[in-house]
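What follows is a single structure, written as structure tokens, with notes after it.
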Amino acid sequence: MEKSVLQEARIHYLPQLPKGLQGNVKVKEGAPTQSVDNQEEIKKLFPNTYGMPMVEFVPSEVALEKKMNVGVILSGGQAPGGHNVITGLFDAVKRLNPENKLYGFILGPGGLVNHNYMELTEEIVDEYRNMGGFDMIGSGRTKLEKEDQFEKGLEIIRKLDINAIVIIGGDDSNTNACVLAEYYAAKNYGVQVIGCPKTIDGDLKNEQIETSFGFDTATKTYSELIGNIEGDCNSARKYWHFVKLMGRSASHIALECALQCQPNICLVSEEVKAKNMTLNQIVDELCEVIAWRASHGMNYGVALVPEGLIEFIPSIGKLIEELNDLLANHGSEYMGLDDEAQRAYVLAHLSDENKQTFATLPADVAHQLSLERDPHGNVQVSLIETEKLLSDMCDARLAEWAKEGKYTGKFAAQHHFFGYEGRCAMPSNFDANYCYALGTSAAMLIANDKTGYMAIVKNTTKPTDEWTAGGVPITMMMNMERRNGEMKPVIRKALVDLNGKPFKTLVEHRESWAKDTCFINPGPIQYFGPTEICNSTTKTLALENE
């Protein structure tokens with residue numbers, strides 16, 4: 001496979017492991033755990049995998065040998081570092097016993113159900129060390145939630161003599177991993193299931209998971225692009241750039257990029273919800289900054305917009321909840337209608353309050369909110385052009401202010417959406433090390449007969465030697481939430497903490513960044529050079545651990 005000079009150099013990068021994973025390993029168990037909420041409901045649903053202890057790996061004088069075959073699945077959207085989870089898993093599995101085999105299921109969980117797989121050999125794995133993307137085995141969004149899927153998967157597991165499945169995914173994928181682990185445990189099938197925390201959105205984190213993999217690389221990639229836009233903005237001095245960033249359920253990416261690049265405006269969805277803001281209030285706040293800068297001769301600027309902002313506006317959030325239930329219960333009647341009939345159908349079935357909200361939305365946004373949900377029952381917010389909606393509304397509001405003599409500037413907008421640009425970037429040194437350690441931890445969890453656990457690595461603001469690795473029961477992170485019209489057990493998403501230091505740092509600098517041109521271009525990801533440049537963590541992680 002032909003590669004660039006950089007790719008060839010990165011293949012030979014040797015990820016570093018925490019001391020607890022460098023040689024012989026043994027397990028140190030903590031106290032029993034419980035779920036973050038709804039303890040009785042979660043315990044009842046997961047009687048075989050609930051209440052298990054936290055696990056930490058520590059050095060041992062005794063070599064651990066284990067005969068086992070393992071299957072691995074990449075689930076959901078791509079995130080930088082996925083290949084390193086697989087290479088870490090592969091190396092650890094082979095180290096336990098050279099005869100052990102690792103099988104990759106092709107194109108996500110569907111590969112397990114459809115028996116689509118390949119054995120991952122050293123020749124194959126070596127081509128993908130420290131590489132971006134998920135192209136070694138591909139990914140998919142099939143949900144593992146039905147017994148017939150579990151039983152169909154068991155057929156190929158038995159055929160290949162697989163002892164354990166590792167599912168690399170986000171909160172929804174790891175929820176499915178927990179359900180699968182519970183099912184196999186309840187049936188005494190002897191098949192272990194381990195999860196790994198992946199999502200560039202950064203919303204899969206808690207006291208045990210400091211960061212999900214891919215967040216470091218993706219935010220550095222986006223920040224370079226934003227820095228370039230800021231340079232262009234400063235040079236042309238005639239455009240407002242509205243930049244939408246990935247983050248359907250939380251604003252971690254937008255906040256991190258703001259801390260790196262110091263844009264004039266950074267909206268934070270969680271703040272919008274906490275302040276009970278309307279769409280019009282958001283537009284007014286944007287326009288106040290635009291008008292102030294224009295009055296000082298600056299008809300330009302940069303505004304960051306989280307992808308999921310629209311869902312966090314309380315009135316629209318309530319509307320979406322009712323639309324979710326409506327589509328879950330009557331989707332078959334609704335989806336076959338044309339656009340006009342769909343709008344009429346929705347208006348006829350909504351409560352009065354939500355009907356009023358729906359009727360006042362721009363037609364294209366209202367239509368996008370009514371589209372078919374993703375496999376997990378979520379609005380496909382990436383299809384909603386929130387950045388364009390905001391700039392159009394700002395343009396209209398500023399025109400009103402101009403008639404009233406409150407605005408004398410010029411307003412022209414450019415729009416950007418950074419999503420795919422960061423999902424398959426070559427992982428930073430941090431993500432390369434972190435993911436390799438996660439893969440190694442997953443192998444050690446299997447070797448120590450654990451199931452229903454998620455591999456974790458902590459203390460990540462310290463040098464890699466001082467990181468600690470282990471596992472957390474997935475049930476510990478779960479609560480009950482409404483999905484597709486019914487209550488289901490899911491891993492609780494981590495939102496931006498409005499009392500946390502990262503957000504407070506944004507608030508502290510918000511006024512000066514709005515009025516001054518404090519733009520910073522952090523530049524591209526550095527793979528080679530001084531440690532303080534190459535191995536730096538995100539601003540978010542650094543501030544959270546000060």
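A few notes on this one:
- Summed over segment 144-158, the residues that are assigned to a loop (DSSP other than H, G, I, E, B) and within 10 Å of VAL113 (Cβ to Cβ) give a count of 2.
- For segment 402-410, the criterion of being surrounded by fewer than 22 Cβ atoms within 10 Å (Cβ to Cβ), in contact with an Asp or Glu (Cβ under 7 Å, 6 or more places away or on another chain) and farther than 30 Å from ASN38 by Cβ is met by none of the residues.
- Evaluated against (1) within 22 Å of ALA494 (Cβ to Cβ); (2) not in a strand (DSSP E or B), LYS66 falls short on exactly one condition, (1).
- Hey, ASP339 in contact (Cβ under 8 Å) with a residue 12 or more places away in the chain, more than 30 Å from the chain's Cα centre (by Cα) and open to solvent by 10 Å² or more (accessible area, probe 1.4 Å) or not: yes
- Flag if ILE162 is in contact with a Leu (Cβ under 8 Å, 6 or more places away or on another chain), surrounded by 17 or more Cβ atoms within 10 Å (Cβ to Cβ) and either not in a helix (DSSP H, G or I) or not polar (S, T, N, Q) (or both): no
- Taken as a whole, segment 287-310 holds at least one residue that is more than 26 Å from the chain's Cα centre (by Cα), surrounded by 22 or more Cβ atoms within 10 Å (Cβ to Cβ) and not in a helix (DSSP H, G or I).
- From the list ALA425, ALA359, ALA396, ALA366, the one residue that fits, being hydrophobic (A, V, I, L, M, F, W, C), over 27 Å from ASP232 (Cβ atoms) and either open to solvent by 40 Å² or more (accessible area, probe 1.4 Å) or modelled with pLDDT of 85 or more (or both), is ALA359.
- Verdict on GLU61 being out of contact with any Lys or Arg (no Cβ under 7 Å at 6 or more places or on another chain), open to solvent by 60 Å² or more (accessible area, probe 1.4 Å) and either assigned to a helix (DSSP H, G or I) or at positive phi (or both): no
- Filter result for the condition that a residue is of a type in the set (D, E, K, R), under 30 Å from ALA494 (Cα atoms), over 28 Å from the mean Cα position of the chain (by Cα) and assigned to a strand (DSSP E or B), over GLU56, GLU29: GLU29
Each row is one residue, and each column tells you yes or no for (1) modelled with pLDDT of 95 or more; (2) open to solvent by 10 Å² or more (accessible area, probe 1.4 Å); (3) over 21 Å from the mean Cα position of the chain (by Cα); (4) among the small types (Gly, Ala, Ser).
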| residue | (1), (2), (3), (4) |
| --- | --- |
| MET118 | yes, yes, yes, no |
| ARG129 | yes, yes, yes, no |
| GLU155 | yes, yes, yes, no |
| VAL166 | yes, no, no, no |
| ILE194 | yes, no, no, no |
| GLY202 | no, no, no, yes |
| ASN206 | no, yes, no, no |
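- Among residues of segment 201-224 that are over 18 Å from ALA437 (Cβ atoms) and free of Cβ contacts under 8 Å to residues at least 60 places away in the same chain, those with a Cβ under 7 angstrom from a residue that is open to solvent by less than 10 Å² (accessible area, probe 1.4 Å) and part of a loop (DSSP other than H, G, I, E, B), sequence gap 6+ or separate chain, pair up as ASP201/GLY247; ASP201/ALA250.
- Screening the candidates LEU89, LEU102 for the property of being of a type in the set (A, V, I, L, M), outside any strand (DSSP E or B) and either farther than 30 Å from GLU486 by Cα or open to solvent by 60 Å² or more (accessible area, probe 1.4 Å) (or both) yields one hit, LEU89.
The values are calculated or read from the model by the stated rules, or taken from the named source; none is laboratory data. This is a predicted model, so every value here is computed, not measured. For neighbour counting, all protein chains shown are included, and Cβ atoms are generated from backbone atoms with ideal geometry for every residue, glycine included. Please note that ligands, DNA and RNA were not included when accessible areas were found on the heavy atoms of the full protein model with its side chains. Shrake-Rupley method; radii C 1.70, N 1.55, O 1.52, S 1.80 Å.
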